[in-house]
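The structure appears right after this line, and notes come after that.
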Amino acid sequence: MTRIMLAPMEGITNFIFRRTYLKHFEGVDESFTPFITANQTHSFKKKEKLELSPYDETRIPQLLTNDAQAFIWALKAIKDMGYKEVNLNLGCPSPTVTSRGRGAGMLADKEKLRAFFDETFSAADLPDVSVKSRAGTEDPAEAGQLAAVYAAYPFKRIILHPRLLKDLYKGSVRTDCFRKFYELIPHDRLVFNGDINTLEDAQNVEKLFPGLYGIMLGRGILRDPFLPEKIKGIGTSDDKRIADFLDDLWDDYEEYLSGEKDVLYKMKEIWSYLYTYFPDGDRILKDIRKSQTKAAYRAAIGALR
Ligand SMILES: Cc1cc2nc3c(=O)[nH]c(=O)nc-3n(C[C@H](O)[C@H](O)[C@H](O)COP(=O)(O)O)c2cc1C
């Protein structure tokens, strides 16, 4: 059976979203924290500690760094919390991240990337290390070069979002780039991520690339929270389950955020994806965007009950 991973989405799939979503819906086998920055201070911020604790064996922490010593420190600190696997973000296309040579910005210079991995893997007592990567920066031909780099190191898993840095989230995923990885990397270490929005999309990936470790779903889950259940052929898609999930999410956010406005902001962000699930989603989204209070928000989604 296909293993399903919930993608890290900074600002959305934080610990509150993950625990509430995973309480209400089946089908996800592993989830990732949004990226946690490993820097030279060798310490985690309070918010980052909330993402990491309590320990959960189905959660994989993700780190963002281009400093091998900071990475090694963070890998070991997270291992000490009980985690067996830690993921490195080599996919983030945001200019604030890439301009500092982090995320997908690290993919530009393959020699520097090798030097980073050489230094990292020379350390003793690391947990398993996995990467989440784009297929290159500018040119699809980079996919083969990158796959060769990854194949040379003991990565537990390689999650590929087959777009280039320059693509951002535009255009179709580049299945030809994924094919390069499929040719060079053992299939049971590879994960496909990107634009899996329906059961048919998942079946298509399975047909093109049989035998993968799994698939990773991001925005597809925000657009259809039942997607993992549909892919696994379990559960029933009842709108009331979405309403119950959203109510719980509101309550959970209310405990951590400072006021109704902040909670509303989070819910509006989720609805900017979720609205497409409902036939009258445009109208619901319009009402939600107008709402300034919990009461107005609840009235806007009243039709789900
Ligand atoms: C709002 C947002 C935040 C994201 N944050 C992260 C992140 O923290 N770490 C990461 O590796 N990818 C991040 N991504 C990328 C997703 O994990 C995923 O690779 C991408 O959305 C493509 O998959 P999808 O089509 O299933 O959504 C983010 C994407 C979005 C839309």
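Below are the figures for this structure:
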{"item": "Failed condition for Thr198, given (1) more than 12 Å from the ligand (Cβ to nearest atom); (2) of a type in the set (Val, Ile, Thr); (3) farther than 18 Å from Arg19 by Cα", "result": "(1)"}
{"item": "Identity of the residue in the stretch 20-32, in contact with a strand residue (DSSP E or B) (Cβ under 9 Å, 6 or more places away or on another chain) and closer than 20 Å to Val263 by Cα, that ends up nearest to the ligand (Cβ to nearest atom)", "result": "Tyr21"}
{"item": "Filtered residue count, the stretch 213-229, keeping only those that are over 15 Å from Tyr275 (Cα atoms), within 15 Å of the ligand (Cβ to nearest atom) and surrounded by fewer than 21 Cβ atoms within 10 Å (Cβ to Cβ)", "result": "1"}
{"item": "Count of the stretch 71-95 residues which are within 16 Å of the ligand (Cβ to nearest atom) and either touching a residue at least 12 places away in the same chain (Cβ under 8 Å) or closer than 14 Å to Val131 by Cα (or both)", "result": "12"}
{"item": "Val28 assigned to a loop (DSSP other than H, G, I, E, B) and within 22 Å of Val191 (Cβ to Cβ)", "result": "yes"}
{"item": "Residue match in the stretch 49-60 (condition: at pLDDT below 95, of a type in the set (S, T, N, Q), more than 16 Å from the ligand (Cβ to nearest atom) and under 28 Å from Leu165 (Cα atoms))", "result": "no"}
{"item": "Members of the stretch 273-305 that are polar (S, T, N, Q) and surrounded by fewer than 13 Cβ atoms within 10 Å (Cβ to Cβ)", "result": "Gln292, Thr293"}
{"item": "Contacts under 6 angstrom Cβ, first residue in the stretch 171-194 being touching a residue at least 60 places away in the same chain (Cβ under 8 Å), partner in a loop (DSSP other than H, G, I, E, B) and buried (at least 18 other Cβ atoms within 10 Å of the Cβ), 6 or more apart", "result": "Val191/Tyr213"}
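The values are calculated or read from the model by the stated rules, or taken from the named source; none is laboratory data. Since this is a predicted model, take the numbers as computed values, not measurements. Here the Cβ is made from the backbone with ideal geometry for all residues, glycine too, and neighbour counts use every protein chain on show.
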